[in-house]
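Below: the structure, in structure tokens.
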Amino acid sequence: MTDAPVADTPARVRARLTRARILEAARRELGRDPDSSLGDIAEAAGVVRRTVYGHFDGRAALVAGLVEDAAQALRRALGTWEGREADAVTALARFVLAVWPVGDRYRMLLRLAPQDLGAEKVAEVLAPARETAAAVIGRGQRAGVFRTAVPAGPMSRALEGYLLGLLECVNGGTWADDGGGAAVAALVAVGVDRDRAVACVRGLGR
């Protein structure tokens, strides 16, 4: 026998909305200044510090909340990814276009998550994307359209580092992209001719 779901009450709804407002304020403030205090975040969210502590017992817990939001967004993006039946070049382009908006929205975590949560948690969050990328790259290598000098697993990790590096450039204000440039760059990195890469991404509406 399973427990019946707990019914929503006005208090629970308000608590969820407040938590979401705090997380959104944290995303904005930490993106603006990684050293933003809980007081700064509380002010940006329109609540007092005590309210923040009512939902998160400190900075690490707040960052963990952002990481969980990012993980959920990444899972949703992969759930709607349309690359399973496509050729490997198109599949990889669609993969980058699907995950780039998530990375862009939560790019402040590139600076925060490793120091606040540790590399293992970051790896846990990225695992679904890593597995998907490795599978697509392996498919492209077997089809002869991607470079084969590096196995699919290490190649996917190298590509991950490349894309995270581009997000860091966005953080630093030296690059701006809606995902199309990143998709072209990813295809070229795995061995696709640049003209074909550009044509593929343009064909996907970018």
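The values are calculated or read from the model by the stated rules, or taken from the named source; none is laboratory data. All figures in this text were calculated on a predicted structure; none of them were measured in a lab. Here the Cβ is made from the backbone with ideal geometry for all residues, glycine too, and neighbour counts use every protein chain on show. Keep in mind that these areas ignore ligands, DNA and RNA; they rest on the heavy atoms of the full protein, side chains included. Shrake-Rupley method; radii C 1.70, N 1.55, O 1.52, S 1.80 Å.
Filter the stretch 103-116 for residues that are in a helix (DSSP H, G or I) and surrounded by 18 or more Cβ atoms within 10 Å (Cβ to Cβ); which is nearest to the chain's Cα centre (by Cα)? Applying the filter and picking the extreme gives GLY103. Screening TRP175 against (1) at negative phi; (2) open to solvent by 50 Å² or more (accessible area, probe 1.4 Å); (3) at pLDDT 95 or above; (4) not in a helix (DSSP H, G or I) leaves a single unmet condition, (3). Of the residues making up the stretch 16-51, those that are among the β-branched types (Val, Ile, Thr) and either farther than 21 Å from ARG105 by Cβ or in contact (Cβ under 8 Å) with a residue 40 or more places away in the chain (or both) are ILE22, VAL47, VAL48, THR51.
Could you check how many residues of the stretch 132-147 are open to solvent by 40 Å² or more (accessible area, probe 1.4 Å) and either outside any helix (DSSP H, G or I) or more than 20 Å from ALA185 (Cα to Cα) (or both)? Within the stretch 132-147, residues that are open to solvent by 40 Å² or more (accessible area, probe 1.4 Å) and either outside any helix (DSSP H, G or I) or more than 20 Å from ALA185 (Cα to Cα) (or both) number 5. With the structure loaded, tell me whether VAL52 is over 20 Å from the mean Cα position of the chain (by Cα), open to solvent by 50 Å² or more (accessible area, probe 1.4 Å), modelled with pLDDT of 90 or more and among the β-branched types (Val, Ile, Thr) or whether it fails that test. Taking the combined requirement at face value, the residue does not satisfy it.
Residue-wise test of (1) out of contact with any helix residue (DSSP H, G or I) (no Cβ under 9 Å at 6 or more places or on another chain); (2) over 30 Å from ALA189 (Cβ atoms); (3) crowded, with 16+ Cβ neighbours inside 10 Å; (4) among the acidic types (Asp, Glu).
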| site | (1), (2), (3), (4) |
| --- | --- |
| ALA25 | no, yes, yes, no |
| ARG28 | no, yes, no, no |
| GLY31 | no, no, yes, no |
| THR80 | no, no, no, no |
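When the stretch 148-172 is filtered for residues that are open to solvent by less than 50 Å² (accessible area, probe 1.4 Å), over 15 Å from ALA133 (Cα atoms) and aliphatic (A, V, I, L, M), the ones remaining, listed by number, are LEU166, LEU167, VAL170.
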